[in-house]
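Below is one structure, written out as structure tokens; comments come after it.
The values are calculated or read from the model by the stated rules, or taken from the named source; none is laboratory data. Here the structure is a predicted model, which is why all the values come from computation and not from measurement. Here the Cβ positions follow ideal geometry from the backbone for every residue, glycine too, while neighbour counts run over all protein chains shown. When the accessible area is computed, the model is the full protein with side chains, heavy atoms only, and any ligands, DNA or RNA have been set aside. Shrake-Rupley method; radii C 1.70, N 1.55, O 1.52, S 1.80 Å.
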Amino acid sequence: MMDSRERVKKVLRFEEVDRIPRDIWALPGVRMYRKEELDMVLNKYSVDFATPDFKYGEGYRSKGVPYVKGKYTDAWGCVWHVGEDGVVGEVKGNPLREWKYLDSYKLPWELLDNADMSNVNKSCEKSTKFMIIWTETKPFERMQFLRGTENLYMDLAYGDSNVYKLRDMLHEFYLREIEMWANTDVDAVTFSDDWGSQKSLLISPELWREFYKPLYKDYCDILRSKGKYVFFHSDGNIESIYPDLIEIGVNAINSQLFCMDIEKLGNSYAGKIAFWGEIDRQYILPFGTTEDARNAVRRVAKAMLKDKRTGIIAQFEWGIKDPIENVLAILEEWEKY
């Protein structure tokens with residue numbers, strides 16, 4: 001039997017594995033209100049991924065409690081409104097909603113300056129799991145949080161000089177964060193941005209390539225130079241930038257496969273990038289039958305596995321209202337591969 005670290009690395013190298021590696025994303029509400037079910041599932045189907053022991057510094061502007069109904073402010077000064085316990089919420093207060101605030105805005109360097117990284121390498125050494133870290137690095141989303149989504153789209157459309165200044169400020173922060181993790185013993189580093197609508201990219205692929213792709217390439221270059229695997233997450237239909245993500249060195253991508261042509265993705269990119277899940281969380285997981293859940297796994301497996309058991313990770317996101325029967329059906333079906 002392979003251990004988790006070996007299993008995931010082989011999948012990322014498109015080598016045959018003993019079983020498809022598992023990665024279950026339980027949303028905060030599941031951990032808060034369905035802990036017994038979660039523990040049961042994890043005891044029966046252990047995941048192959050783990051996070052090292054670390055802590056970012058305390059944000060000077062942070063206040064309130066995330067994932068609890070009400071409001072909280074994050075380290076960047078963005079005010080989040082949470083409509084029900086157990087969900088992330090939405091940003092309603094944007095610190096840079098007017099450009100006049102940009103020159104005096106301070107990045108939350110304390111997150112990195114005061115980070116406790118003392119146990120990262122020790123926890124990596126002790127574990128046989130594939131050790132992965134999710135970073136703060138999400139330039140497109142953070143620019144939305146700071147400016148407001150509508151403002152940012154207008155900034156990008158008109159090419160406002162301030163939007164370039166803000167991008168470069170954030171990039172400086174994210175480069176240092178990526179460097180910080182590249183110099184640890186983690187196996188992989190994740191950065192993310194939600195780029196897709198239900199049917200297409202949220203901005204033109206050409207603008208994406210001009211404005212954001214160079215940032216992503218810098219992150220990949222740093223990580224690959226230190227022997228790290230690069231993982232990337234985006235919601236929505238991002239089919240148009242799959243080739244770009246492969247080109248800059250992303251090893252594994254988590255995207256909403258069921259918003260896209262799954263068979264086309266498999267035919268085009270299997271063996272070029274690892275598919276880090278997923279199973280449809282908009283319709284099948286919350287509202288489908290167990291047979292729908294099993295068929296979803298079969299469809300993804302048929303499209304992505306081709307002639308070898310590799311190149312895919314059995315990942316899905318477990319929402320607070322998703323029936324346990326569908327969760328178990330997905331895991332049981334993946335076991336057949």
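Structure notes:
- Over the stretch 1-141, relative contact order from alpha-carbon pairs under 8 Å, at least 6 apart, %: 27 percent
- The distance linking the stretch 237-316 with the stretch 1-40 is 16 Å (Cα centroid to Cα centroid, whole angstrom).
- Qualifying trypsin sites (Lys or Arg not before Pro) in the stretch 258-305, where qualification requires a DSSP coil assignment and no more than 16 other C-beta atoms within 10 Å, comprise LYS272.
- Considering only TYR158, TRP208, TYR283, the residue lying farthest towards the positive end of the dipole of the chain is TYR283, judged by Cα position with unit charges set on Cβ.
- Gyration tensor (alpha-carbon) shape descriptor, the stretch 267-306, a/c threshold 1.5: prolate
- Rolling a 1.4 Å probe over the heavy atoms of the protein chains gives the stretch 84-227 an accessible area of 46 Å² per residue.
- For the stretch 84-120, the residues whose backbone nitrogen is under 14 Å from a point 7 Å from the Cα of GLU172, taken along Cα to Cβ, are 102-110.
- When you restrict to C-alpha pairs under 8 Å that are six or more residues apart and normalise by the size of the stretch 133-196, the relative contact order lands at 61 percent.
- GNM on the chain, alpha-carbon springs under 10 angstrom: the most fluctuating residue among ALA301, ALA115, ALA188 is ALA115.
- Förster radius 25 Å - calculated FRET efficiency between TRP109 and GLU210 (Cβ-Cβ, nearest 0.05): 0.35
- Dipole moment magnitude, nearest 20 debye, the chain about Cα centre, only Lys, Arg, Asp, Glu C-beta charged: 280 debye
- Between the stretch 63-103 and the stretch 123-150, the alpha-carbon center distance in angstrom: 17 Å
- Normalised alpha carbon radius of gyration of the stretch 151-194 [divisor 2.2 N^0.38 Å]: 1.53
- Unit charges on C-beta of K, R, D, E only; dipole of the stretch 161-258, Debye: 80 debye
- The chain, relative contact order [Cα under 8 Å, separation at least 6], %: 20 percent
- Cα-only Debye scattering, the stretch 96-148: base-10 log of I(q)/I(0) at q = 0.21, 0.30 Å⁻¹: -0.90, -1.21
- Coarse-grained scattering of the chain at q = 0.06, 0.11, 0.12 Å⁻¹, given as base-10 log I(q)/I(0) from a Debye sum over alpha-carbon atoms: -0.21, -0.76, -0.92
- Unsatisfied cross-links (Cα-Cα over 22 Å) in the set LYS44/LYS302; LYS35/LYS69; LYS272/LYS302; LYS9/LYS226; LYS63/LYS106; LYS138/LYS264: LYS44/LYS302; LYS138/LYS264
- At full extension, ASP116 and VAL65 could sit 16.3 nm farther apart than now, given 0.36 nm per residue minus the alpha carbon distance.
- Cα-based shape type of the stretch 22-74, given that a ≥ b ≥ c are square roots of the gyration tensor eigenvalues and the cut on a/c is 1.5: oblate
- Distance between the modelled labels on ASP307 and PHE14, one decimal in nanometres: 1.3 nm (7 Å Cα→Cβ projection).
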